[in-house]
Amino acid sequence: MGVAGRAPRPGSGGCPASRGARAWSGLPAPRPARAVGLPAPPATGGAAAPSASPAPVAPARPAAPVAEPAVLHVDIDAFFAAIEQQRDPRLAGRPVIVGAGVIASCSYEARAFGLRAGMPLSEARRLCPEAVILEGHAQVYRCFAEQIFACCREVSPAVETYLDEAYCDLGGTERLHGDLVEAARALKRAIRAATGLAVTCGIGPNRMLAKLIGKTVKPDGLARIGVAEADAFMRDQPVERVAGVGRAHARTLRSMNIRTAGELRALPVAALERLFGVAGRLLHERCRGRDTAVVSEREVPLSISRETSFHRDTADPAEIEGMLEYLAGRACRTARELGIRPRTVALRLRYGDGESAECARSLAAPSDADPVVLALALALLGRLFTRRVTLHALGVALSGFVRAGSEQGSLFEEREAGRRAALYRAFDGIRTEFGHGVLVSGRALHLKGRLEEDEHGFVLRTPSLTK
Amino acid sequence: MRTEAIDEAVAVRADFQGGKVTPLAFQRRGREHRVARVNAHWIDRVPRHPHFYFSVTDESGDVYQLQLQAADLVWWLDAVTVEG
């Protein structure tokens, strides 16, 4: 499948810095005097002028112009809903909601009625009775996202991806791309040609500004902000928009009558550190438009989670434990595929009355084996599921990863661990070849016949929420 | 909108020119459905051999999902989405 307007991959055509390099004559060109910090004058391309001094001097490397750091933020507009409209043209122009229980994504037509992600479906139906509600197709969304991220990797050597957005490091690519705004425009065209989807692009000197400037031109927009405009731009942004300010931090700041990034600047760094700990120092910089977080391809994810809601709220231990075993098994398989082992297992559950609970505990030693993770998850379930209320949703999350084989092994369990690893390698091989659902173990057998299955395993109720 | 799973292997007439595949028509229960429009296509690269998916609208206006499995080049009719 081709990508129209594809830009050459950085590095594929030789080192960009070597392009246009002048041939050196034996003597250096006289360096014109210039103020520090100003860009170097353009190269003339002619031969070097003779030196005033007859003594031979080693050629000096010309000062390379210091490129302004540039980050491109790519945000897929109304991601899930846009794909559903793409797959079925009868949905075009209609309010479309994707989600089960709550809105996971909604089209811009739906947003005109005041609908937004996270809103309960009951409220959404009241606000917009004509909305088309779909449960979603997580597998399809993942395929589209991968295609979009592949387009991003054509323009940037470092791409950090999330569910529906990506950060692309464009620093130092000016010689390759020329005008970065034009490069972003070409990327938008390429993504539309490959997937039919619209994305919003923001370019800024750092991640935070790139994302924020993109927000001002959604949907299908493109905007750039430079270092010079950053200060004024950030000043009027609500504190919630400052990277690192979540709901709790925002509540604290609003209680202090601090509503904008400009007002946040009045607080000295020591006060922010007292309020928010290490994050306080970051906020001190970020409210001034300075963000030092780098764009990096995460080889090791922060967490791997699998969660879903039940088709019908349940208190049946067999169903709950079966689902937990299935979710833990899926998460462990992903960890094994990435060659990482989690140290921490977390369990989340949501009751039918909306109340939720979460708990995490560490394993004795990092492990990617299903029974080890499941044993801890079951222990957490026993500790968390204490109310006499049916469960609506269940999820398991693995975190604190170490590379497989890099951790200190146990002296006496080495043989057993090796046998278990070989067993799960064989399981994974069979599942890759014939589909995840061909092997179902233990408690998860209880789900057989109750849930539909496809080549990816059981069809869960909220696939759009199943990460 | 209501999606009904079909999961049937079907015969598909397709164009493989230009390094990409475009379904033109498929047969189901002895009837030929001509593809009026390919709405979207995507590739699942997680399986060992990629699966190519197509959302197509036939001449009657119904929307079908076709799947070509690269391992054995067998076409599957996954589902149909109907109004209501």
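This table checks each residue for (1) over 30 Å from A:S441 (Cα atoms); (2) over 25 Å from the mean Cα position of the chain (by Cα); (3) modelled with pLDDT under 90; (4) in the same structural domain as A:G449 (by TED's automatic domain parsing).
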residue: A:L253; (1), (2), (3), (4): yes, yes, no, no
residue: A:R259; (1), (2), (3), (4): yes, yes, no, no
residue: A:E307; (1), (2), (3), (4): no, no, yes, yes
residue: A:T334; (1), (2), (3), (4): no, no, yes, yes
residue: A:L349; (1), (2), (3), (4): no, no, no, yes
For this session: Write out, first by first residue and then by second, each pair whose Cβ atoms fall under 7 Å of each other, whose residues are 6+ apart or on separate chains, and whose first residue, in segment A:340-364, is touching a residue at least 60 places away in the same chain (Cβ under 8 Å) while the second is in a strand (DSSP E or B) and of a type outside the set (K, R).
Result: A:I340/A:V402; A:R341/A:V402
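What number of residues in segment A:332-356 are in a loop (DSSP other than H, G, I, E, B) and closer than 15 Å to A:G400 by Cβ?
2
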Seminar exercise, completed: Over segment B:8-22, the set of residues in a loop (DSSP other than H, G, I, E, B) and exposed (fewer than 10 other Cβ atoms within 10 Å of the Cβ) is B:F16
Seminar exercise, completed: For A:A243, the lone unmet condition from (1) within 23 Å of A:C143 (Cα to Cα); (2) assigned to a loop (DSSP other than H, G, I, E, B) is (1)
Problem set entry | Members of segment A:119-176 found to be in a helix (DSSP H, G or I), free of Cβ contacts under 8 Å to residues at least 12 places away in the same chain and either buried (at least 20 other Cβ atoms within 10 Å of the Cβ) or more than 14 Å from chain B (Cβ to nearest Cβ) (or both), listed by number | A:S122, A:E123, A:R125, A:R126, A:C143
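Take the conditions free of Cβ contacts under 8 Å to residues at least 24 places away in the same chain, crowded, with 16+ Cβ neighbours inside 10 Å, within 13 Å of chain A (Cβ to nearest Cβ) and in contact with a Leu (Cβ under 8 Å, 6 or more places away or on another chain) and apply them to B:Q69. Does it pass?
Considered against the rule, which asks whether it is free of Cβ contacts under 8 Å to residues at least 24 places away in the same chain, crowded, with 16+ Cβ neighbours inside 10 Å, within 13 Å of chain A (Cβ to nearest Cβ) and in contact with a Leu (Cβ under 8 Å, 6 or more places away or on another chain), B:Q69 comes out as no.
When the residues of segment B:2-19 are filtered to those that are facing another protein chain (nearest Cβ under 9 Å) and within 30 Å of A:R333 (Cβ to Cβ), which remaining residue is modelled with the lowest pLDDT?
Only one residue tops the list, namely B:T3.
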For this session: May I ask you to verify whether A:E297 is among the charged types (D, E, K, R), outside any helix (DSSP H, G or I) and not assigned by TED's automatic domain parsing to the domain that holds A:A210?
Result: yes
Exercise. Quick one: would you say B:H33 is assigned to a strand (DSSP E or B), more than 23 Å from A:E452 (Cβ to Cβ) and at the interface with another protein chain (Cβ under 9 Å from one of its Cβ atoms)?
Worked result: no
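Test of understanding: among B:T22, B:T81, which residue is of a type in the set (V, I, T) and either more than 9 Å from chain A (Cβ to nearest Cβ) or within 11 Å of the chain's Cα centre (by Cα) (or both)?
B:T22
Looking for whichever is of a type in the set (F, W, Y), facing chain A (nearest Cβ under 9 Å), in a strand (DSSP E or B) and crowded, with 16+ Cβ neighbours inside 10 Å here; the options are B:W42, B:W76. Which one fits? First the steps, then the outcome.
Values: B:W76 fails: facing chain A (nearest Cβ under 9 Å).
Within the list B:W42, B:W76, the selection yields B:W42.
Within segment B:48-62, which residues are more than 7 Å from chain A (Cβ to nearest Cβ) and not acidic (D, E)?
Taking segment B:48-62 as the starting set, the residues that turn out to be more than 7 Å from chain A (Cβ to nearest Cβ) are B:49-54, B:56, B:58-62.
Across segment B:48-62, the qualifying residues are B:H49, B:P50, B:H51, B:F52, B:Y53, B:F54, B:V56, B:S60, B:G61.
To keep it simple, each residue is scored yes or no on (1) surrounded by 14 or more Cβ atoms within 10 Å (Cβ to Cβ); (2) assigned to a loop (DSSP other than H, G, I, E, B); (3) modelled with pLDDT of 90 or more; (4) not assigned by TED's automatic domain parsing to the domain that holds A:M323.
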{"site": "A:D368", "(1), (2), (3), (4)": "yes, yes, no, no"}
{"site": "A:A377", "(1), (2), (3), (4)": "yes, no, yes, no"}
{"site": "A:G382", "(1), (2), (3), (4)": "no, no, yes, no"}
{"site": "A:A397", "(1), (2), (3), (4)": "yes, no, yes, no"}
{"site": "A:Q408", "(1), (2), (3), (4)": "no, yes, no, no"}
{"site": "A:Y424", "(1), (2), (3), (4)": "yes, no, no, no"}
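The values are calculated or read from the model by the stated rules, or taken from the named source; none is laboratory data. Keep in mind it's a predicted model, so treat the numbers as computed, not measured. Neighbour counts are summed over all protein chains in view; Cβ atoms, including those assigned to glycine, are modelled from backbone coordinates with ideal geometry.
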